1. Ignoring trypsin sites (Lys or Arg not before Pro) that are buried or in helix or strand per DSSP, and keeping those with at most 12 other beta carbon atoms within 10 Å, what is the longest stretch of the chain between them?
2. What 222 nm value per residue comes from the helices of the chain, counting each DSSP H run with n ≥ 4 as -39,500 (n - 2.57) and dividing by all residues, nearest 500 deg cm²/dmol?
3. Leaving ligands, DNA and RNA out of it, report the carbon-plus-sulfur percent of the accessible area of the chain at a 1.4 Å probe.
4. Using every pair of alpha-carbon atoms in the chain, split the distances into 10 Å bins beginning at 0 and state the percent of pairs per bin, rounded to integers.
5. With the other protein chains left in place, how much accessible area per residue, in square angstrom, belongs to the chain at a 1.4 angstrom probe?
6. At 15 Å minimum axial length over the Cα atoms and a Kyte-Doolittle cut of -1.0, report the qualifying DSSP H helices in the chain, or say none.
7. Quick one: go through region 34-62 and flag any residue whose amide nitrogen is under 19 Å from the point 7 Å out along the Cα-to-Cβ line of Met1.
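The values are calculated or read from the model by the stated rules, or taken from the named source; none is laboratory data. On a predicted model such as this, the values are computed, not experimentally measured, just so you know. We place every Cβ from the backbone using ideal geometry, glycine too, and count neighbours over all the protein chains shown. Note: areas computed on protein heavy atoms with side chains; ligands, DNA, RNA excluded. Shrake-Rupley method; radii C 1.70, N 1.55, O 1.52, S 1.80 Å.
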Amino acid sequence: MIRTIVLAFLAGLMGTNGIPHFVSGITAREYPNLTGNSAINNAVGGLAAFAIAGALLALAQVGDHPRAALIAGSLGVVGMTVFHARRGAYRMSTRFGKPLPES
């Protein structure tokens, strides 16, 4: 059950993290990203995050422990939502000396 909890939590984090990157990318806007702030990097990064989240869910054996997976995944979603709502991507870029997107 621990495996399910950990992987579902990480899937929630990754899937939610992909949203702002993907949306910024497909709307041709820059957003802080480890691989660069361009729209293309963000669109591809968002898609990669969605694929990783799907792979994590597939490995999590959600069917064996559905309630635990739902709770853990939901906590991952909440955690990443709060991170982005508090402008965490911008703070991380500043902290690691990465350039911020142009306004």
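1. Values: sites that count: Arg86, Arg87.
Result, exposed sites excluded: 1-85.
2. Values: 4 runs with 74 residues, N = 103.
After summing the helix terms and dividing by the residues of the chain, the value is -24500 deg cm²/dmol.
3. On the way: 4430 of 6400 Å².
Here it works out to 69 percent.
4. 18, 41, 28, 12, 1
5. Values: 6400 Å² over 103 residues.
I get 62 Å² per residue for the chain.
6. Values: long enough: 2-26 (36 Å, 1.29); 39-59 (30 Å, 1.78); 66-85 (28 Å, 1.23).
Within the chain the helices that satisfy the rule are 2-26, 39-59, 66-85.
7. Hits in region 34-62 for Met1 at 19 Å: 60-62.
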